[in-house]
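Report on the following structure.
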Amino acid sequence: MGIPLTVLPLAILLHVAGCSPPPEPVVCTHGTSNCTVTNSFGSFPDRSICRAGNVAYPRTEQELVAAVAAAAAVKRKMKVATKYSHSLPKLACPGGLDGTIISTARLNRTVSVDVERRLMTVESGMVLRDLIEAAGVRRGEGAGRPPP
Ligand SMILES: *[C@@H]1O[C@H](CO)[C@@H](O)[C@H](O)[C@H]1NC(C)=O
Ligand SMILES: *[C@@H]1O[C@H](CO)[C@@H](O)[C@H](O)[C@H]1NC(C)=O
């Protein structure tokens, strides 16, 4: 009798804590225009969402600089969003439909790996799963090297 009672909550916990990633926090009705942004829970602690006029998905540092420069040139407010937005607080909305969201979702590559110094440099939108995978691949390349 005792076993099912301990297994059941664990099964529920595993189910709730399943492996499917949360939905993307930025949703737009027209391509990259007329957007809302929230966190991975679907609403901020004050039960609100943020609205924004558009979103940019830079893929390179140059595209990121260009997106920020373009928004700054016309004095648009900006808010950074990540791929999954685990950060709970809202802090500030990007100014409603006059604002711009800069998403790091596509800035997700490994920049460099220095095996000797055990140093990885990655772009700011790298997700932990990809980071671990990239670290594992690189460690595997140093054949015979004991794991750290
Ligand atoms: C903009 O998005 C909101 C939902 O966030 C929607 O209700 C509204 O109809 C959209 N506006 C246009 C012009 O599509
Ligand atoms: C980066 O993001 C893109 C688009 O979401 C995805 O296709 C790709 O697998 C991700 N990971 C890496 C390492 O590029």
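Our estimate of slack between K77 and V27, defined as 0.36 nm per intervening residue step minus the Cα-Cα distance, is 16.2 nm. Listed by chain and number, the aspartates and glutamates whose C-alpha is less than 16 Å from the C-alpha of K83, apart from same-chain residues fewer than 8 away, are E24, E123, D130. Once the Cβ-Cβ distance of D46 and R129 is raised to the sixth power relative to R0 = 35 Å, the FRET efficiency obtained is 0.70.
Once the gyration tensor of the Cα atoms in region 22-103 is diagonalised, the equivalent ellipsoid follows with semi-axes of 20, 14, 11 Å, ordered largest first. For region 37-148, the orientation-averaged shadow of the C-alpha convex hull comes to 8.4 nm² (one quarter of the hull surface). Based on the Stokes-Einstein relation at 4 °C and a viscosity of 1.567 mPa s, and on the Kirkwood radius from alpha carbon pairs, region 38-82 is assigned a translational diffusion coefficient of 107 µm²/s.
Just so you know, all these numbers are worked out from the coordinates, no wet-lab data involved. Keep in mind the model is a prediction, meaning the values are calculated, not measured. Don't worry about glycine lacking a Cβ; one is built from the backbone with ideal geometry, like all the others, and counts go over all protein chains shown.
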